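Visitor: Please read through the structure below; I'll follow up with questions.
The values are calculated or read from the model by the stated rules, or taken from the named source; none is laboratory data. Please read all numbers here as calculations on a predicted model, not as lab measurements. Cβ: placed from backbone, ideal geometry, glycine included. Neighbour counts: every protein chain shown. These accessible areas exclude ligands, DNA and RNA; they are computed on the full protein's heavy atoms, side chains included. Shrake-Rupley method; radii C 1.70, N 1.55, O 1.52, S 1.80 Å.
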Amino acid sequence: EEAGDSWNLRPLFDEAAAKKSLLSSLHSNIDQSNLQVTFEKDDSGAITVSSNATGSVPLISDAIASMNETFFVDESRTDAPVIELASTDLPSSVSFEDAIDFGLISEVSSFTTQYSSGAEARTVNIHTAADLLTNSIIKANGGSWSFNDTAGEATEDKGYQNAGAIVGGEYSDAIGGGICQVATTVFNAIYDAGYPITERHNHTLRISSYPEGRDAAIAYPYMDLVWQNDSTSDVLLVMSYTNSSVTASLWGVDPGYQVSTDYGEWKEGEHYSVKYRNDDSVAQGTEYIETTGVNGSSISITCIVKDSNGK
């Protein structure tokens, strides 16, 4: 704090850190039997969480304010200070952060993929798609989520740039190149959670950096990624990223699905064929290899999902 021509350090409890510590030791008196939650997003994008849980929660902010006033004082004392911690009924709706702290919601699944930080246009596209998808809500009891419906078409006016993509079975450049990595990241988070996936398309070329046979191609409006929430609580998709990774996380009430995978073996497919194109920029009679062909291959995997009763 400023004090004339100098400054004084004033100690304070960090509310976020103290809140987590206090809640973990105090244990809110919340009845979570048959817990169901719903998510709502306001015009500013803020998420609120409503639930059928009942009970009381401690007024942590008031307690921390009292701690700051009690512990950090000049006068000496001989007795340990006592902070009275009041409680209140659980509000009908709370913030996303409070819902986590109160134990109403948790991370159901999360998946991260990596990419090169040097490809600037592709990085921009990945970040743009992630921003369009984040905080999307999948309603309970059969609510459906579509990548194309949520993010829309990848166009320049949305900020997408020209970057590497797979087009017609070949590596090329396209507006929005890189969004398939975002779709693949979301797909694997859904896959690991065990929710039903109703539409998913593989790429025409094998991408070894993804889990075997578990990629997702997007081509608006023909190829989409669609899944359903078959649980009794809403699910919130949260996207995050760095300059070299993108993460998809699903938040809500964990349905307790047990997911396992049986992987087949890669099988040899059709041999690549040679295609010739005329190029007016080179001398007549000159040939060069633009792209080396890749032989086809295929793999089959089986996803087994069991509910909490093993069915």
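Visitor: Quick query: amide H of residue 115 versus all other amide H atoms, modeled in the peptide plane; which residues come in under 5 Å with a sequence gap of 5 or more or a different chain?
Guide: 245
Visitor: So what does log10 I(q)/I(0) come out to for the stretch 63-196 at q = 0.10, 0.16 Å⁻¹, using the Debye formula with one equal point on every Cα and no solvent?
Guide: The calculated log intensity ratios at q = 0.10, 0.16 Å⁻¹ are -0.57, -0.93.
Visitor: Please report how many Lys pairs in the chain have alpha carbons closer than 28 angstrom, counting only residues at least 8 apart along the chain or sitting on separate chains. All intermediate terms of the calculation are to be shown ahead of the outcome.
Guide: Details: 19/41; 20/41; 41/139; 41/158; 139/158; 139/306; 139/311; 267/275.
So the count works out to 8.
Visitor: Also, quick follow-up: For the stretch 217-282, go through all pairs of different Cα atoms, get the mean of 1/r, take its inverse, and jot down that Kirkwood value in Å. Working shown, then result.
Guide: Values: mean 1/r = 0.0555 Å⁻¹.
Result for the stretch 217-282, one decimal place: 18.0 Å.
Visitor: Kindly report, to the nearest 10 Å², the accessible surface of residue 306 as traced by a 1.4 Å probe over protein heavy atoms only.
Guide: Counting only protein heavy atoms, residue 306 exposes about 90 Å² to solvent.
Visitor: Something else: How would 266, 7, 251 rank on accessible area, largest to smallest, probe 1.4 Å?
Guide: Details: 266 80, 7 180, 251 45 Å².
Largest accessible area first, the residues go 7, 266, 251.
Visitor: Just report the Cα centroid separation between the stretch 274-288 and the stretch 66-86, whole Å.
Guide: Using only Cα atoms to place each centre, the spacing works out to 83 Å.
Visitor: In square angstrom, rounded to the nearest 10, how much accessible surface does residue 249 have for a 1.4 Å probe?
Guide: Spelled out: residue 249, probe radius 1.4 Å, area about 10 Å².
Visitor: Restricting everything to alpha-carbon atoms, can you work out Rg to Rh for the stretch 65-138 with a Kirkwood hydrodynamic radius? Write down the numbers at each step before the final one.
Guide: Values: Rg = 22.7 Å, Rh = 18.2 Å.
On the Cα set of the stretch 65-138, Rg over Rh gives 1.25.
Visitor: Could you tell me the calculated FRET efficiency between residue 280 and residue 302, based on Cβ-Cβ distance and R0 = 30 angstrom, to the nearest 0.05?
Guide: Values: r = 50 Å, r/R0 = 1.67.
FRET efficiency, residue 280 to residue 302: 0.05.
Visitor: Please grab the % of Cα pairs in the stretch 10-57 that end up more than 17 Å from each other.
Guide: For the stretch 10-57, the fraction of Cα-Cα distances above 17 Å is 58 percent.
Visitor: For the chain, return all DSSP H helices satisfying: extent of Cα atoms along own axis at least 18 Å; mean Kyte-Doolittle hydropathy at least 0.5.
Guide: Working: long enough: 120-133 (20 Å, 0.15); 179-193 (22 Å, 0.99).
The qualifying helices are 179-193.
Visitor: Can you give me the distance in nm between label points at residue 97 and residue 212, each placed 7 Å from the Cα along the Cα-to-Cβ direction?
Guide: So the label points at residue 97 and residue 212 sit 4.4 nm apart.
Visitor: Could you please state how large a percent of the accessible area of the stretch 1-156 is carbon and sulfur, counting protein chains only and using a 1.4 Å probe? Mind showing how you got there, number by number?
Guide: On the way: 4330 of 9360 Å².
The nonpolar share, carbon plus sulfur, comes to 46 percent.
Visitor: In the stretch 178-311, how does Rg compare with the Kirkwood Rh, expressed as the Rg/Rh ratio over alpha carbon atoms? Kindly include the intermediate steps, with their values, before the conclusion.
Guide: Details: Rg = 19.8 Å, Rh = 17.9 Å.
Expressed as Rg/Rh, it is 1.10.
Visitor: Could you order 288, 191, 222 so the one with the most accessible surface comes first? Probe is 1.4 Å. Walk me through the numbers before you get to the answer.
Guide: Details: 288 125, 191 20, 222 180 Å².
If we order 288, 191, 222 from most to least accessible, we get 222, 288, 191.
Visitor: Counting only the heavy atoms of the protein chains, how much of residue 297 is accessible to a 1.4 Å probe, in Å² to the nearest 10?
Guide: 60 Å²
Visitor: Quick one: pull the percentage of alpha-carbon pairs in the chain with a separation above 25 Å. Mind dumping the intermediate values first?
Guide: Details: 30139 of 48205 pairs.
More than 25 Å apart: 63 percent of the Cα pairs in the chain.
Visitor: May I pose another question? Based on the Cβ-Cβ distance of residue 30 and residue 10, what FRET efficiency does E = 1/(1 + (r/R0)^6) give at R0 = 35 Å, to the nearest 0.05? It would help to have the intermediate numbers written out before the result.
Guide: Values: r = 35 Å, r/R0 = 0.99.
Given R0 = 35 Å and the Cβ-Cβ separation, E is 0.50.
Visitor: A further question follows. Just by accessible area at a 1.4 angstrom probe, what is the order of 214, 77, 277 from largest to smallest? Don't skip to the answer; put the middle values down first.
Guide: Working: 214 15, 77 110, 277 155 Å².
Result of the area sort, largest leading: 277, 77, 214.
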